[in-house]
Amino acid sequence: MEKIVEKFELYGKEYRLETGELAKQATGAVVVGQGDTTVLVTAVISKEEKDYDFFPLTVDYIERMYAVGRIPGGYLKRESRPSEKGTLTARMIDRPIRPGFADGFKHEVHVVATTLVADQVNPIDNICVMGASAALMIGDAPFDGPCACVRVGRDKQTGNFICNPTYEEQANSDLDLIIAGTTDYISMIEAGAQEIAEEDMLAAMQFGQTAIAKFCEAQQRFLDKCTIEKREWPIHLPDPSIAERVEKYADAMSAALKDADKQSRIEKVEQLKASITADEFTDEERAAWKGDIAAACKSLEKHAMRAMVLETGERADGRATDEIRPLYIVPGYLPRVHGSGLFQRGQTQALSICSLGMLNEWQRLDTIEPVDGKRYMHHYNFPPYCTGETGRLGAPKRREVGHGALAERALLPVIPSEEEFPYAIRVVSEILESNGSSSMASTCGSTLALMDAGVPIKAPVSGIAMGLIKEGDQVAILSDIQGLEDFLGDMDFKVTGTEKGITALQMDNKARGLSVEILARALEQAKRGRHEILQAMLATIPAPRATLSEYAPRIETIHIPVDKIRDVIGSGGKVVRGIQEETGVSIDIQEDGTIHIASVDQEAGDAAKSIIMGIVKEPEVGEEYEGEVVGIKDFGAFVKLTPAKDGLLHISRMANGRIGKVEDVLNLGDTIKVVVLDVDPKTGKISLDRLDKPDAPEGSHATESHNRGNGERGNQHNGHRDRKPRRSHEA
């Protein structure tokens, strides 16, 4: 294929699609770009059909550090496991394209997006969906495209929506909405927002849907230029007799599904499926049609659940469509930790734990995105036992990373600023039981943990997962979906927010024909559900604790002049390490002179603060000090006033009467009280006078030169500055 290029402009930004030059052995390959940001997206479809009861699609997103002109850190100096952002981007590409494949297509599909250039102006993630769609269609995959994805921002000042905002435009936006789909329907939504009202979110979705249609039109123009090789991809069609033999068990399946207990229901359903397989099929048929029989039984379960909801309005656990499962809420569930909260909704249980630390414990991010790191972190763990299963524990899987990111996004808008609350904050949600909506339980539990820890969040956040059953014109919207309704329904729509508005959204759609009107109904029903859950949470903890846990670090913030930072740090960090060792505190020093002092013991924190303030303190005339004699000369003694400042006590000011030498009244290491007489504005040299002077000892006689000098400083005790003798007196 010759090189094909389509350049176009939409909403004030330049885009391009290219094919025919790179990765020509892939089934389809497209270079997609916005500005100078460039990504190569390839799609490969295996030649062999797999006997799976699921669609084998894999999506990988590869971040290359050369895209931003950097060499990877670490010993190996090469990229290894994907970053969290890379994992989330791979999920974001997967979710909108997966529902576009034809039912019964069982060839393995592998989509890889490789970053070639990241211009640090235009984001990379959302344009990858357009690249994946074009690559699949060039490969003539059985895919319902074109498909596109856009990011929608909203200018804080003007309120205008922005399509695919730059990083700079995102910084001035109160909305980050990612929406994907075709010209006909929406397949995926991801959003973070600063308490945006439902009607504003819907307006943004409508704007995004219009933009998607324009990108799909541009993509089609590109595809029309390409010579696409027609391929006959087989679509697996099971023997019709399988469905006929299975469908007669519809009533039995409905009866098995009517059980509020997840494990009991699963056992009944699996027993029925095993019975159907054993009674209706021979050994030869079971061997030949193993995957098809399993798929038919799963389809029977799906249709029975959906018919129950659409025809009777009753769900498998007996709830109405807008009814929320029983709640069990306990803030402060664990002792000693900084904050904790147990949140249970039905058979989904999340225990969230909050830990507070110094700002220098923030997470540093080494990615190709122009983001250094974050001080608020949310992590989500989903062990096998939470679903009553065995399995291996290891690194977080994509699902765990995605659910943790959603809960983090939900709470980020209400986290106080560094100035208001100078802590790094980490919340971990342990999913202990799961029967759907565990990410929303994690969001609610984390709100409890933050409030229990005394974090002054701007407003409490609750979340709910909404579902959809759609058959033709029949539509049922479900509140607080359980696992069964997620797997067998048409939509998983998670909504989080405060009483004021939405903070995060996530939606995956399997039903063609999902419109903004249906989403509007879902958002309104979700709002009522969020309110009900939030009121139950506030009944247990109405506001953040007034004080931090006794086990949490107390952080006091002070500010020092920038030119004093070196004095506090000391040579090789000697001074600051000494303060920490002496007091037991942790100290974080910023480049602008801001210092955070963290300690569990208030006295230790006060002591460290006193030492630091003493180091940076500039003595002033009239101030009194109690200091150690650290140096002795013929003309006087040097007294340490602060860790960084000494002053000179002249020999004439050490005693009542004249003395011959300093050692007659002072020795190294003595501690004496002094007052500042003068500070030279040019040199900074400090002159002192001794308080509570002793009488000069008998036998101590001043030298002639000293007597003359002493006599000429007779007015110094009145605060006058030293004056040199005039040359005429010396003559």
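Summary of values
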| quantity | calculated |
| --- | --- |
| Which listed residue is surrounded by 14 or more Cβ atoms within 10 Å (Cβ to Cβ), acidic (Asp, Glu), on the phi < 0 side of the Ramachandran plot and outside any helix (DSSP H, G or I), from Glu195, Glu217, Glu190 | Glu190 |
| Residue in segment 393-406 that is charged (D, E, K, R), touching a residue at least 60 places away in the same chain (Cβ under 8 Å) and either surrounded by fewer than 19 Cβ atoms within 10 Å (Cβ to Cβ) or touching a helix residue (DSSP H, G or I) at 6+ places or on another chain (Cβ under 8 Å) (or both) present | yes |
| So Phe161, is it aromatic (Phe, Trp, Tyr) and more than 23 Å from Thr27 (Cβ to Cβ) | yes |
| Members of segment 477-508 found to be of a type in the set (Gly, Ala, Ser), surrounded by fewer than 21 Cβ atoms within 10 Å (Cβ to Cβ) and at pLDDT below 95, listed by number | Gly483 |
| Residues of segment 120-169 classified as outside any strand (DSSP E or B), at pLDDT 95 or above, in contact with a helix residue (DSSP H, G or I) (Cβ under 8 Å, 6 or more places away or on another chain) and among the small types (Gly, Ala, Ser), total | 3 |
| Hits in segment 509-553 (condition: of a type outside the set (A, V, I, L, M), surrounded by fewer than 21 Cβ atoms within 10 Å (Cβ to Cβ), within 25 Å of the chain's Cα centre (by Cα) and not in a loop (DSSP other than H, G, I, E, B)) | Lys527, His531 |
| Segment 310-344: number of residues that are of a type in the set (Gly, Ala, Ser) and outside any strand (DSSP E or B) | 5 |
| Scope segment 460-476; condition polar (S, T, N, Q) and surrounded by fewer than 18 Cβ atoms within 10 Å (Cβ to Cβ); matching residues | Gln474 |
| Long-range neighbours under 7 Å by Cβ, at least six apart or interchain, first residue closer than 20 Å to Arg91 by Cβ and in contact (Cβ under 8 Å) with a residue 60 or more places away in the chain within segment 165-187, second of a type in the set (Ser, Thr, Tyr) and not in a helix (DSSP H, G or I) | Ala180/Ser187; Gly181/Ser187 |
| Residue within segment 374-384 that is surrounded by fewer than 16 Cβ atoms within 10 Å (Cβ to Cβ), in a loop (DSSP other than H, G, I, E, B) and in contact (Cβ under 8 Å) with a residue 40 or more places away in the chain present | yes |
| Identity of the residue in segment 641-674, of a type in the set (A, V, I, L, M) and under 54 Å from the mean Cα position of the chain (by Cα), that ends up surrounded by the most Cβ atoms within 10 Å (Cβ to Cβ) | Leu641 |
| Residues of segment 103-120 classified as among the acidic types (Asp, Glu) and under 14 Å from Thr89 (Cα atoms), total | 0 |
| Total residues in segment 590-640, condition part of a helix (DSSP H, G or I), charged (D, E, K, R) and surrounded by fewer than 14 Cβ atoms within 10 Å (Cβ to Cβ) | 1 |
| Which numbered condition Arg95 fails, given (1) touching a Leu at 6+ places or on another chain (Cβ under 8 Å); (2) of a type in the set (Lys, Arg); (3) crowded, with 18+ Cβ neighbours inside 10 Å | (1) |
| Every pair of residues 6+ apart whose Cβ atoms lie under 8 Å, when the first sits in segment 252-276 and is in contact (Cβ under 8 Å) with a residue 12 or more places away in the chain and among the hydrophobic types (A, V, I, L, M, F, W, C) while the second is exposed (fewer than 13 other Cβ atoms within 10 Å of the Cβ) and part of a helix (DSSP H, G or I) | Ala256/Gln271 |
| Of the criteria (1) within 39 Å of the chain's Cα centre (by Cα); (2) in a helix (DSSP H, G or I); (3) surrounded by fewer than 17 Cβ atoms within 10 Å (Cβ to Cβ); (4) acidic (Asp, Glu), which one Glu284 fails | (1) |
| Residue check for Thr447: modelled with pLDDT of 95 or more and under 17 Å from Val330 (Cα atoms) | yes |
| Tally, over segment 308-334, of residues that are more than 17 Å from Gln474 (Cβ to Cβ) and hydrophobic (A, V, I, L, M, F, W, C) | 6 |
| Identity of the residue in segment 226-246, surrounded by 14 or more Cβ atoms within 10 Å (Cβ to Cβ) and not aliphatic (A, V, I, L, M), that ends up nearest to Ala316 (Cα to Cα) | Arg245 |
| Residues being modelled with pLDDT of 95 or more and at positive phi - total across segment 318-332 | 1 |
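The rows are residues; the columns are (1) assigned to a loop (DSSP other than H, G, I, E, B); (2) closer than 27 Å to Lys106 by Cα; (3) at pLDDT 95 or above.
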{"site": "Glu2", "(1), (2), (3)": "yes, no, no"}
{"site": "Glu18", "(1), (2), (3)": "no, no, yes"}
{"site": "Ala26", "(1), (2), (3)": "yes, yes, yes"}
{"site": "Ala29", "(1), (2), (3)": "no, yes, yes"}
{"site": "Leu40", "(1), (2), (3)": "no, yes, yes"}
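Each row is one residue, and each column tells you yes or no for (1) modelled with pLDDT under 90; (2) part of a strand (DSSP E or B); (3) of a type in the set (D, E, K, R); (4) surrounded by fewer than 18 Cβ atoms within 10 Å (Cβ to Cβ).
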{"site": "Thr58", "(1), (2), (3), (4)": "no, yes, no, yes"}
{"site": "Tyr61", "(1), (2), (3), (4)": "no, yes, no, no"}
{"site": "Ala67", "(1), (2), (3), (4)": "no, no, no, no"}
{"site": "Pro72", "(1), (2), (3), (4)": "yes, no, no, yes"}
{"site": "Pro82", "(1), (2), (3), (4)": "yes, no, no, no"}
{"site": "Leu88", "(1), (2), (3), (4)": "no, no, no, no"}
{"site": "Glu108", "(1), (2), (3), (4)": "no, yes, yes, yes"}
{"site": "Ala113", "(1), (2), (3), (4)": "no, yes, no, no"}
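Yes/no matrix, rows are residues, columns are (1) farther than 27 Å from Ala546 by Cβ; (2) without any contact (Cβ under 8 Å) to a residue 60 or more places away in the chain; (3) aromatic (Phe, Trp, Tyr):
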| site | (1), (2), (3) |
| --- | --- |
| Leu334 | no, yes, no |
| Leu365 | yes, no, no |
| Glu369 | yes, no, no |
| Gly391 | yes, yes, no |
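The values are calculated or read from the model by the stated rules, or taken from the named source; none is laboratory data. A quick note: this is a predicted structure, and the numbers were derived from the prediction, not measured. Backbone-built Cβ (ideal geometry, glycine too); neighbour counts: all protein chains shown.
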